[in-house]
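These notes concern the structure reproduced below.
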Amino acid sequence: MRTSVIIPAYNAARFLADTVESVLSQSARDWELLIIDDGSQDRTGEIASQYAEKDPRIQSFSLPNAGVAAARNAGFQRSDRQSQYICYLDHDDVWIPDALESLIGALQAQPDAVAASGLPESVDANCRPLPADDIQLYCRDRFALDGSKLIRQPDDKQTTFDCFAVRNCIITPGLVMIRRSAHERCGQFDESLSGYDDWDMWLRLSRLGEFAYLNRVVLKYRLHDANQSRAHKAMDKRERQLYSKLFSETTESPERLLQLRRGYRYRARLNSQDRIAWAADAFRKHNTVEAIGQVRHAIIMYWRYLTGIGLR
């Protein structure tokens with residue numbers, strides 16, 4: 001029941017040891033770990049090699065910088081073909097000790113599921129819990145499309161294609177365990193969708209089956225200045241790129257295309273609400289320029305929701 005764990009690492013020297021130690025501390029022991037150094041310019045490769053020398057289950061590879069999706073693909077290509085499950089753990093996230101055991105249990109309990117996912121807890125750069133942490137609520141709010149209506153998926157229901165059509169409710173890949181058999185059918189991460197390659201993967205996997213939902217924390221999600229996901233303008237651009245790809249799929253069924261179009265509009269509405277919340281936070285911090293910018297984007301997003309601008 002071996003699991004292949006893949007850590008893509010770029011300039012990860014600050015956090016990599018914590019992440020690797022969280023794998024070593026797992027209650028499930030039958031795993032391999034592949035650390036893919038994505039052309040780092042710090043001590044990432046050295047740290048990875050030191051762990052590989054100490055534990056035969058760990059391998060390290062240094063490649064030219066090509067981005068996180070390419071590093072994930074390189075790890076999958078080098079993983080043990082006999083492993084049943086695949087996990088992608090970001091270099092700054094930390095698993096709780098029974099994360100692998102819990103995710104394996106969820107997949108065993110639901111043999112038709114293509115993957116299983118749990119919940120995160122936000123921590124700071126020093127791995128201390130953050131006050132007023134709302135990241136867990138975001139992931140629990142798995143919005144789904146019921147016809148033309150937007151609903152919250154109950155906790156006892158799996159995560160479906162209709163959920164991912166609205167938004168990526170899995171904020172970091174380390175929350176997910178994928179069946180190798182499903183991954184092989186889906187293919188690799190799309191390297192042109194930097195930062196959104198994981199959402200694209202969840203959508204493709206969910207075409208094959210549902211995600212078992214584990215309503216418990218499995219990972220500490222580290223928030224720090226270098227988090228890629230904090231670049232809101234870049235996020236908007238990549239999101240439009242992803243939806244453009246989805247709408248141009250020639251093999252998609254008419255029913256799923258309709259759900260994707262509805263999901264796009266409701267996603268715009270949710271984005272608008274998020275922007276208003278960010279604007280309010282900026283006002284409280286007396287950052288007027290940032291607040292005005294967020295309000296402007298909120299209006300644009302709500303207009304997309306009302307009109308469907310951007311749909312093909």
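The values are calculated or read from the model by the stated rules, or taken from the named source; none is laboratory data. The model shown is predicted, which means the values in this text are computed figures rather than measured ones. For neighbour counting, all protein chains shown are included, and Cβ atoms are generated from backbone atoms with ideal geometry for every residue, glycine included. To get the accessible areas, we keep the full protein, side chains included, count just its heavy atoms, and leave off ligands, DNA and RNA. Shrake-Rupley method; radii C 1.70, N 1.55, O 1.52, S 1.80 Å.
Pop out the carbon and sulfur fraction of the accessible area of the chain as a percent, whole number, probe 1.4 Å. Here carbon and sulfur together make up 50 percent of the probe-accessible area. Across Ser248, Ser79, Ser102, mean-square fluctuation computed from a Gaussian network of the chain (C-alpha pairs under 10 Å connected) peaks at Ser248. Taking amide H atoms as placed 1.01 Å from N in the peptide plane, the amide H of Tyr221 lies under 5 Å from those of Glu121, Ser122, Val123, each 5 or more residues away in sequence or on another chain.
Within region 88-103, list the residues whose amide N lies under 13 Å from a label point set 7 Å along Cα→Cβ of Ser27. The answer is 96-103. Counted by Cβ distance under 13 Å from Ala280, the other residues give a net charge of 0, where Lys and Arg count +1 and Asp and Glu count -1. For region 108-197, the Stokes-Einstein estimate of translational diffusion at 10 °C and a viscosity of 1.306 mPa s comes to 105 µm²/s, using the Kirkwood hydrodynamic radius over alpha-carbon pairs.
Cα centroids of region 289-307 and region 74-91: 40 Å apart. The residues of the chain expose, per residue, 46 Å² of accessible area to a 1.4 Å probe.
Considering region 1-113 at the alpha-carbon level, its Rg and Dmax are found to be 13.6, 43 Å. Please compute the net charge surrounding Ala268, taking Lys and Arg as +1 and Asp and Glu as -1 over other residues with Cβ under 10 Å from its Cβ. Here the count lands on +3. Label-to-label distance for Asn215 and Phe283 is 3.5 nm, based on points extended 7 Å past Cα in the beta-carbon direction. Each residue of region 153-161 was assigned a 3J(HN,Hα) from its phi angle through the Karplus curve 6.51 cos²θ - 1.76 cosθ + 1.60 (θ = phi - 60°); the sequence is 6, x, 5, 8, 10, 6, 8, 10, 3 Hz, with glycine and proline shown as x. Spacing of the modelled spin labels on Gln273 and Glu101, each 7 Å from Cα toward Cβ, amounts to 3.7 nm. Based solely on its DSSP helices, what 222 nm [θ] is calculated for the chain when runs of n ≥ 4 H residues each add -39,500 (n - 2.57) and the sum is averaged over all residues, nearest 500 deg cm²/dmol? So the calculated ellipticity at 222 nm is -14000 deg cm²/dmol.
Here are several values of Rg and Dmax of the Cα atoms in Å: (i) 19.8, 66; (ii) 19.3, 58; (iii) 18.3, 54. Which one was derived from the coordinates shown? Only one option fits the structure, namely (ii). Assign one of three labels to region 68-221, namely rounded, prolate or oblate, based on the Cα gyration tensor with a ≥ b ≥ c the square roots of its eigenvalues; rounded applies when a/c is under 1.5, prolate when it is not and a/b is larger than b/c, and oblate otherwise. It is rounded, given that a/c, with a ≥ b ≥ c, falls under 1.5. Highest GNM mean-square fluctuation among Thr160, Thr251, Thr44, for the chain modelled with Cα contacts below 10 Å: Thr251. Backbone geometry of region 177-185 corresponds, through the Karplus equation with coefficients 6.51, -1.76 and 1.60 at θ = phi - 60°, to 3J(HN,Hα) couplings of 10, 10, 5, 4, 4, 6, 4, 5, 5 Hz, x marking Gly and Pro. Let's test the formula: R0 of 25 Å, r as the Cβ-Cβ distance of Glu290 and Glu252. What FRET efficiency results, to the nearest 0.05? Calculated transfer efficiency: 0.10. Modelled label positions at Gln110 and Arg78, each set 7 Å beyond Cα in the direction of Cβ, lie 3.2 nm from each other.
For the set Lys157/Lys237; Lys157/Lys285; Lys149/Lys245, the pairs lying more than 27 angstrom apart at their alpha carbons are Lys157/Lys237; Lys157/Lys285. Highest GNM mean-square fluctuation among Arg72, Arg180, Arg284, for the chain modelled with Cα contacts below 10 Å: Arg284. Amide H contacts under 5 Å for Trp31: Thr3, restricted to partners 5 or more places along the chain or on a different chain, H placed in the peptide plane at 1.01 Å from N. When only alpha carbons are used to place a centre, region 103-137 and region 10-28 end up 16 Å from one another. With R₀ set to 35 Å, the beta-carbon distance separating Glu46 from Ser192 gives a calculated FRET efficiency near 0.70. Working note: Karplus 6.51/-1.76/1.60 with θ = phi - 60° gives region 62-79 the couplings 10, 10, x, 4, 9, x, 5, 5, 5, 5, 4, 4, 4, x, 5, 5, 9, 6 Hz, where Gly and Pro are set to x.
Electrostatic bookkeeping for Leu33 treats Lys and Arg as +1 and Asp and Glu as -1; over the other residues with beta carbon under 15 Å from its beta carbon, the sum is -4.
Calculated FRET efficiency, Arg261 and Arg185, Cβ-Cβ r, R0 30 Å, to nearest 0.05? Approximately 0.75, to the nearest 0.05.
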